[in-house]
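Undergrad: Take this structure first; my questions come after.
The values are calculated or read from the model by the stated rules, or taken from the named source; none is laboratory data. Computed from a predicted model, the values in this text were never measured in an experiment. When we count neighbours, we look across all protein chains shown, and the Cβ atoms used for this are built from the backbone with ideal geometry, even at glycine. Only protein heavy atoms, including side chains, enter the accessible area calculation; ligands, DNA and RNA are left aside. Shrake-Rupley method; radii C 1.70, N 1.55, O 1.52, S 1.80 Å.
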Amino acid sequence: MFNLTTFRELVVAALWTGLLAGLLLTAIQQIQVIPTLLRAEVYEENASAPVVANAENSHEHHEWQPENGWERTFFTAVANISLGVGFSLLIGSVMCLRGRPGNWRMGLLWGLAGYITFFVSPSLGLPPEVPGTTAAKLADRQNWWLITVLDTGFGLSLLAFAKTRTNKFFGAVLLAAPHLISAPQPEVHSSAAPAELAQSFITATVLANAVFWLAIGGLMGQFYKKQS
């Protein structure tokens, strides 16, 4: 039964997990993702230089953004930790409903499920993009992402926990459904950065998110394991 003590244990476990997983993701991003991102931003700035010049001449207001270096790293870490805490609470809540994991090894399976649900499946249709890449309308991409996450999460749960073959088959259908519809795409694909750089960014992001999600699962499995 879910009570105040269980809720407190869940929150504490999620806070520690989010903190550690967020810091780990930030460290990996500094090594793998950020260098590629900075190189892509150079191409984006060069491609948009005439537009920026015209905006400055017309005294257009520019939104604030953190400077490269420690300031950008700090805000990236804050965002990653917040994301980690949120996902940890989500996974921990599902763990609680299904029975707490016995150890970090079981937690890794939950982390893998989260990785497939929130990153792998959506990325099949909407892969990570470097700055300067054309994309479909934001609202269309957000809607497709949300549908994909819901279908994938529900589909995986049916495959893992359903008792009948019919329900398991329905779970497999849900996994495939968003990709049969296909993700929204721009009318013309273009990118300011070279294709090799874009592929390098995708690879780095895939690996970084894998570590992030496995860390969330493993740490939640350890911090929120069954009480003896």
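Undergrad: How many residues are within 17 Å of residue 25 (Cα to Cα) and not in a helix (DSSP H, G or I) if we restrict to the stretch 81-101?
TA: Keep residues of the stretch 81-101 that are within 17 Å of residue 25 (Cα to Cα), which gives 81-88.
The next check asks that each one be not in a helix (DSSP H, G or I); those that pass are none.
The total comes to 0.
Undergrad: Any chance the stretch 151-174 includes a residue that's at pLDDT 95 or above, closer than 26 Å to residue 29 by Cβ and either not hydroxyl-bearing (Ser, Thr, Tyr) or not assigned by TED's automatic domain parsing to the domain that holds residue 79 (or both)?
TA: yes
Undergrad: Here's another thing I want to ask about it. Quick check on residue 172: is it surrounded by fewer than 15 Cβ atoms within 10 Å (Cβ to Cβ) and more than 22 Å from residue 37 (Cα to Cα)? Break it down into steps so the answer makes sense when it comes.
TA: On the way: surrounded by fewer than 15 Cβ atoms within 10 Å (Cβ to Cβ): yes; more than 22 Å from residue 37 (Cα to Cα): yes.
Spelling it out, residue 172 is indeed surrounded by fewer than 15 Cβ atoms within 10 Å (Cβ to Cβ) and more than 22 Å from residue 37 (Cα to Cα).
Undergrad: Let me ask another. Considering each residue of the stretch 173-215, count those that are aliphatic (A, V, I, L, M) and in contact with a strand residue (DSSP E or B) (Cβ under 7 Å, 6 or more places away or on another chain), and give that number.
TA: Final tally of qualifying residues: 1.
Undergrad: Now a separate question. What are the pairs, 6+ residues apart or on separate chains, where a residue within the stretch 83-103 that is within 13 Å of residue 213 (Cβ to Cβ) has its Cβ under 6 Å from a residue that is open to solvent by 40 Å² or more (accessible area, probe 1.4 Å)?
TA: 91/110
Undergrad: Give just the number: which of (1) farther than 30 Å from residue 41 by Cα; (2) basic (Lys, Arg); (3) part of a helix (DSSP H, G or I) does residue 141 not satisfy?
TA: (1)
Undergrad: Among the residues of the stretch 96-115, which ones are under 19 Å from the mean Cα position of the chain (by Cα) and open to solvent by less than 60 Å² (accessible area, probe 1.4 Å)? Can you show your working first?
TA: Here is the first cut: in the stretch 96-115, the residues under 19 Å from the mean Cα position of the chain (by Cα) are 107-115.
Within the stretch 96-115, 107, 108, 110, 111, 113, 114, 115 qualify.
Undergrad: Among (1) polar (S, T, N, Q); (2) open to solvent by 30 Å² or more (accessible area, probe 1.4 Å); (3) farther than 20 Å from residue 211 by Cβ, there is one condition residue 148 misses while meeting the rest; what is its number?
TA: Of (1) polar (S, T, N, Q); (2) open to solvent by 30 Å² or more (accessible area, probe 1.4 Å); (3) farther than 20 Å from residue 211 by Cβ, only one is false for residue 148: (2).
Undergrad: Moving on. For the stretch 185-216, which positions are outside any helix (DSSP H, G or I) and open to solvent by 30 Å² or more (accessible area, probe 1.4 Å)? Don't jump to the end; show me each part of the working.
TA: Our first condition is that a residue be outside any helix (DSSP H, G or I); within the stretch 185-216, this holds for 185-194.
Residues satisfying the conditions are 185, 187, 188, 189, 190, 191, 192, 194.
Undergrad: Can you tell me how many residues in the stretch 1-26 are of a type in the set (Gly, Ala, Ser) and over 12 Å from residue 81 (Cβ atoms)? Reasoning before the result, please.
TA: Just the residues of the stretch 1-26 that are of a type in the set (Gly, Ala, Ser), to begin with: 13-14, 18, 21-22.
Still in the list and also over 12 Å from residue 81 (Cβ atoms): 13.
Within the stretch 1-26, residues that are of a type in the set (Gly, Ala, Ser) and over 12 Å from residue 81 (Cβ atoms) number 1.
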